[in-house]
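Structure first, commentary second.
The values are calculated or read from the model by the stated rules, or taken from the named source; none is laboratory data. Worth saying up front: this structure is predicted, and the values here are computed from it rather than measured. For neighbour counting, all protein chains shown are included, and Cβ atoms are generated from backbone atoms with ideal geometry for every residue, glycine included. Heads up: the accessible areas ignore ligands, DNA and RNA and are worked out on the full protein's heavy atoms, side chains in. Shrake-Rupley method; radii C 1.70, N 1.55, O 1.52, S 1.80 Å.
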Amino acid sequence: MRIYPLVTMVGLLCCVAGANAADKTVHDRNNGVSLTFPEEWINEPLSDEGILMSVKSSDQGLTCMVSGSLYSPSGSPPDPRKFIEDWSMDTWKWMIGRSYSTANFSNDKLAKFPDGYPVRLADLDFTVIDKDRTLYGHSRFAFSVRGVRYGYVNCAVMSQSAEQVKQMWAPMADKAERVVNSFVLDPT
């Protein structure tokens, strides 16, 4: 009978540990996107009209932003599912890469939302040049087109050098992956 208090205590500690490491899910019903992130992260004020949600890790190293809008299929297949399934590295460069001074995509893969709908994932090493200042960065992206909307999440770190970015990304990679994989674009 002495094992019962031990099992109860271990169970209680597991619940407490789980509560401390709890995640928070935010569902933006107006824009049809949701994202799950660690509860201690900071929900930032939106800085741009195209940004639907912005969260930052509590240590201020990693920022994840969700963006989305209506989709215009001009120049792309009329079937959004096929568009995502047939995605290529050139599509990453055309859709996302032109926002950066340099953009090198890697690790492109097709994944699925919980209901089986396709989403594209990739890593991005980039630079942003503003006047005479260059910032380096690394991102993990998830992108999808569904019905008449597209949406993506971009979890990134930025710094003054590529080496600093590598050092910043290493401890954040698992958290970024978890947040990016939580992204959902609702059915329309």
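Among 167-174, 35-42, how do they line up by average Cβ neighbours within 10 Å per residue, starting with the highest? Show your work: numbers first, answer last.
Working: 167-174: 15.1, 35-42: 17.2.
Going from most to least packed, we get 35-42, 167-174.
Quick one: grab the alpha carbon gyration tensor of the chain, order the square roots of its eigenvalues as a ≥ b ≥ c, and give me rounded if a/c is under 1.5, else prolate or oblate depending on whether a/b is larger than b/c.
Verdict is oblate for the chain.
Which lysines does K175 reach when only Cα atoms under 17 Å apart count, and residues fewer than 8 places away in its own chain are ignored?
K24, K56, K166
How many nm separate the modelled label positions at Q164 and A22, each set 7 Å beyond the Cα in the direction of the Cβ?
The modelled label-to-label distance comes out at 3.6 nm.
If each DSSP helix of 4+ residues adds -39,500 (n - 2.57) and the sum is divided by the residues in the chain, what number results at 222 nm, nearest 500 deg cm²/dmol? Let's see the in-between values first.
Details: 4 runs with 52 residues, N = 188.
After summing the helix terms and dividing by the residues of the chain, the value is -9000 deg cm²/dmol.
Counting only protein heavy atoms and using a 1.4 Å probe, what share of the accessible area of the chain belongs to carbon plus sulfur, as a whole percent? Present the calculation step by step, with values, prior to reporting the outcome.
Numbers: 5920 of 10760 Å².
Percent of accessible area from carbon and sulfur atoms in the chain: 55.
Highest mean first, how do 48-59, 176-187, 146-157, 104-115 rank when packing is the count of other Cβ atoms within 10 Å averaged over residues?
146-157, 176-187, 48-59, 104-115
Which of the aspartates and glutamates could a cross-linker bridge to K109, judged by Cα under 15 Å and excluding same-chain residues fewer than eight apart?
Output for K109: E85, D86, D90, D123, E177.
Which of the three applies to segment 118-183, rounded, prolate or oblate, going by the alpha-carbon gyration tensor with a ≥ b ≥ c and a/c under 1.5 meaning rounded? Mind dumping the intermediate values first?
Working: a/c = 3.63, a/b = 1.59, b/c = 2.29.
Taking the square roots of the gyration eigenvalues as a ≥ b ≥ c, segment 118-183 is oblate.
By how many nm would the segment from S69 to K56 grow when fully extended, if each residue of separation counts as 0.36 nm and the alpha-carbon distance is taken off?
Details: separation 13, 0.36 × 13 = 4.68 nm, distance 2.20 nm.
Result for the pair: 2.5 nm of gain on full extension.
For the chain, with every protein chain kept in place, what is the accessible area per residue (1.4 Å probe, Å²)?
On a per-residue basis, the chain sits at 57 Å².
For segment 57-106, what does the alpha-carbon gyration tensor say about shape, rounded, prolate or oblate, given a ≥ b ≥ c as the root eigenvalues, a/c under 1.5 as rounded, and a/b over b/c as prolate?
Details: a/c = 2.40, a/b = 1.73, b/c = 1.39.
Judged from the Cα gyration tensor, segment 57-106 comes out prolate (a/c at least 1.5, a/b above b/c).
Find how many whole Å separate the alpha carbon centroid of segment 85-116 from the alpha carbon centroid of segment 131-162.
Here the answer is 11 Å between Cα centres.
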